[in-house]
1. Which numbered condition in (1) touching a residue at least 60 places away in the same chain (Cβ under 8 Å); (2) within 25 Å of B:GLY310 (Cβ to Cβ); (3) within 14 Å of chain A (Cβ to nearest Cβ); (4) open to solvent by 10 Å² or more (accessible area, probe 1.4 Å) is the only one that B:LYS276 fails?
2. Given the condition part of a loop (DSSP other than H, G, I, E, B) and crowded, with 18+ Cβ neighbours inside 10 Å, answer yes or no: does some residue in region A:220-227 qualify?
3. Of everything in region B:125-180, what is within 14 Å of chain A (Cβ to nearest Cβ) and surrounded by fewer than 22 Cβ atoms within 10 Å (Cβ to Cβ)? Give them in sequence order.
4. Only one of (1) buried (at least 18 other Cβ atoms within 10 Å of the Cβ); (2) at pLDDT 85 or above; (3) part of a helix (DSSP H, G or I) is not met by A:ASP262, so which one is it?
5. Among what's in region B:210-234 and is open to solvent by less than 10 Å² (accessible area, probe 1.4 Å) and in a helix (DSSP H, G or I), pick the residue that is farthest from B:MET290 (Cα to Cα).
6. All but one of (1) more than 14 Å from every other protein chain (Cβ to nearest Cβ); (2) of a type in the set (Phe, Trp, Tyr); (3) under 26 Å from the mean Cα position of the chain (by Cα) hold for A:TRP222, so report the exception by its number.
7. Hey, which of the helices (runs of 4 or more DSSP H) in region B:352-432, taking only ones fully inside, have at least 2 residues that are more than 27 Å from B:ALA145 (Cα to Cα) and open to solvent by 20 Å² or more (accessible area, probe 1.4 Å)?
8. Check every one of the helices (runs of 4 or more DSSP H) wholly within region A:93-149 and list those with 3 or more residues that are under 19 Å from A:GLY252 (Cβ atoms).
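The values are calculated or read from the model by the stated rules, or taken from the named source; none is laboratory data. Quick caveat: nothing in here was measured; it's all calculated off a predicted structure. All Cβ positions, glycine included, derive from the backbone under ideal geometry; neighbour counts span all protein chains shown. Accessible surface areas use protein heavy atoms only, side chains included; no ligands, DNA or RNA. Shrake-Rupley method; radii C 1.70, N 1.55, O 1.52, S 1.80 Å.
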Amino acid sequence: MQTVRKENTLGRPAAWLKEFLQYMRKEYMLYLMILPGVLYIVIFKYLPMYGITIAFRDYKVSSSLFNAPWVGFDNFVNLFSRSAFIRALTNNIFISIYKLIFGFPFPIILSLLINEVRNSKVKKFVQTSVILPDFVSWIVIYGLMYAIFSPSSGAIKGLAEMLGHKGKIPNVLTQKETFKSVIVISHIWKSAGMGTIVYLAAISGIDQDLYEAAAIDGAGRWQQMWHVTLASLRSTIIVLLFFRVGQMMYAGFDQIFAISNDLVMSTADIIDTYVYRLGLEQRKFSIATAAGLFQSAIGMALVLITNYIARKVDPDSAIM
Amino acid sequence: MRKMRKNFISGLSLIVILSLIFALASCSKPTEGGQPTGKPTEAPSETDPAETSEPVNEEPVELSILMSGDNTPSEDNIVLQELGRRTNTIIKMTYVPGADHATKKSTLAASNSLPDIFNTSGDEAIEFKEGGFLAEVGDLIYKYAPNIIANIGENLEKAPINSDGIYLVLDARLGYIRQLNMRTDWLANLGMELPTDLDSLYKVLYAFTYNDPDGDGQDDTFGLCANTNPNMFATIFGAYGIPVNCNIELEDGTVTIWVKHPKFLEAMEYINKLNKDGLIEPDWATIPTMDMFGKLWNGVAGAIEWECVGPTNNWMPSRYTEDPVPTFDFPIIKGPDGSHGTPTTYMSLTSGWAFSSNCKNLEAAVKFANYCMSEEGNELLYLGIEGTMYRWIDKEAGQYELLGEYKDSATHRASGGWVYWYLFAPTHHTEIRTFNKQTQEGVALARKISIPHVYIATPLQTRLEYGADMDQLINEMYVEMLAADGDLKSIYDRYIGEWESIGGTEWEIEATKAWKAQEGN
């Protein structure tokens, strides 16, 4: 009995290997062509992942990545014992949720509106105009915001004075109560236009017969938008939602680093800005890496949960 | 066809292999210099001369240097070229904005690629030393750097970081002390005298803001420049006996931070009132430093808390846009109990210039440092090339004039003048030697009335661990109290309670012990 099993186990891999080699001989050109890409991913994306181990080591700038002593989860315990990190985590969650709730639907709405513009020149002009802010850096945007909101020389002050206002102008850039709104609104202003590209591309692929059929059935513009355009965009929306949810723990380092100040830090400090201070300014690389790994792990969990929900609701929309 | 295909496959394979080799080579650690050892990479030569200012017939040595500042010099400017010629070096200068300096060093250290020469201080210097990033240069200094020995002297070995060898060439220059610089032409326009106490200071700042001190009929001025840095109110804090941004010793002997001074709340109430009444920079929370200066230069602000070296010397007259240029004086503001002045500065025992253990020619680097610390070297780094960029009118009196295109300060800076002067600057550096009379008097006055404070030279473990969080909390507390409409004490209590809980109390115990040990108690 044992002998028979041995023959089988020895025989199967041989057949499999033969088949594989035959296949490779036939398709080797394709595999050779994909090799540089695979090597790129392995070398620049997977091998550096070894660096994540410093989240579990007592790493100092002087240590080697390979011989820093292992400390288990000490860096995570240290991280979560810091009230500043808890504050950053809380801010991170709220800012991300606000950006998701208010920022995610905006490009969809904008795309639907642009799609309804019938004059092609106006349509192109609007499309270009809404995309342009995406190419402006946050530093420049902060400069613009400063020029608008400055209580001493800002455009709003000038306008208010022109209208006869004599009192002080509140500075929205320095008020905790308004700063989260400033973050979300400026984020939408900058990124919504770029977000429309994917949706407009998807809209252009919708079969025009569907609109004609809907029109024949008596559907108006609003009903066509709702039942044809939006319905056809469902898969695209869900896929982009996955990406956005996966980025939930990244609340926008560039933006917040550029536009925040000490007066609003208690509401604006996020994990990335905290990690920057801890890692690059204080050289606490292990704790900073632990924070980064925590972000990634939560991001991945959120993607899996979203995917699971999507699979339950609409199996075709799930990505895994 | 078959041959073509074979060639194509061979070519593709070659590309793939080359890509792989290139990628792996990029990822591997640089082998030059090897692992940091904390030791010089080359033994000092016994036969080389100590002189460095004379060009020699050897191949120039390449030296990389990291400096920071808010100027924008050309990458390969004539000052660096001349410095290279005089020291037989090729200088690879990396000049970064001050705000990016610390992060730049951290990333360079993490990739084991710190430049040959860079400045460092405090906790960072200790970490770099422990990590083996700093070269020990004691023998070389004593052999080749008489200017360094003459300027820093016994302090060189007193610094805790240099307890087992010279790793840090301490700053030889004594830092300037802040003081209030007030426009006297505006005071004259308003018929007012220099303020002498907090009440008269308030009245002057009020008049600067609301009584049209420049007489242009516009409501376009305010009293005092400010940003989020408490140093901008150093004189006011000093009137309450508080050395702003410095450590203090309480009556019971506890060493703590300046915001725990018994009169801190009183001082904040005064400053808060200035803000509420609109007497200080309205954009103080967000204004960039250069924009804040701009308000003084353009005749919008009437006073600034800064070392007088800026307002009455370096900015005078080219930065000011008014004609005639403003005039300044330095009022001494006394508080309720007669306290006055701003925090003093001490000869540093914790900051200075370091040589990287990766430096391939430490001997040349030390000779270079020695030249920079000479009178001739510092003149070159501050004023530029004599005869081309400036000429002395009366060198003894420190009077000079800029020449030709370099009369334009922007051109002068772009060419390297006034940019690198603090690189191994000697104690009596060129800037001090060229002060005008008012600035000399102002600097002396500020030092005379300066407030002593606790200065701990040893690194504290609690700061290494919690420093970033503790500092951030104090910054937030200060700006919140400055901007507050309501009760300052509740804000203060909340933040101080948190500061103590995140490591502040632990730090106070460690700092008190260190201070007592340092003072020999």
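1. Every condition holds for B:LYS276 apart from (2).
2. Looking only at region A:220-227, we keep the residues that are part of a loop (DSSP other than H, G, I, E, B), and these are A:220.
Filter again for crowded, with 18+ Cβ neighbours inside 10 Å, leaving none.
For region A:220-227, residues part of a loop (DSSP other than H, G, I, E, B) and crowded, with 18+ Cβ neighbours inside 10 Å: absent.
3. Answer for region B:125-180, where residues must be within 14 Å of chain A (Cβ to nearest Cβ) and surrounded by fewer than 22 Cβ atoms within 10 Å (Cβ to Cβ): B:ILE126, B:GLU127, B:GLU130, B:GLY131, B:GLY132.
4. Failed condition: (3).
5. B:ALA234
6. With (1) more than 14 Å from every other protein chain (Cβ to nearest Cβ); (2) of a type in the set (Phe, Trp, Tyr); (3) under 26 Å from the mean Cα position of the chain (by Cα) applied to A:TRP222, the lone miss is (3).
7. Working: elements: B:362-372, B:375-383, B:409-414.
Where helices (runs of 4 or more DSSP H) fall fully within region B:352-432 and carry at least 2 residues being more than 27 Å from B:ALA145 (Cα to Cα) and open to solvent by 20 Å² or more (accessible area, probe 1.4 Å), they are B:409-414.
8. Working: elements: A:105-116, A:120-131, A:138-149.
Answer list for region A:93-149: A:105-116, A:138-149.
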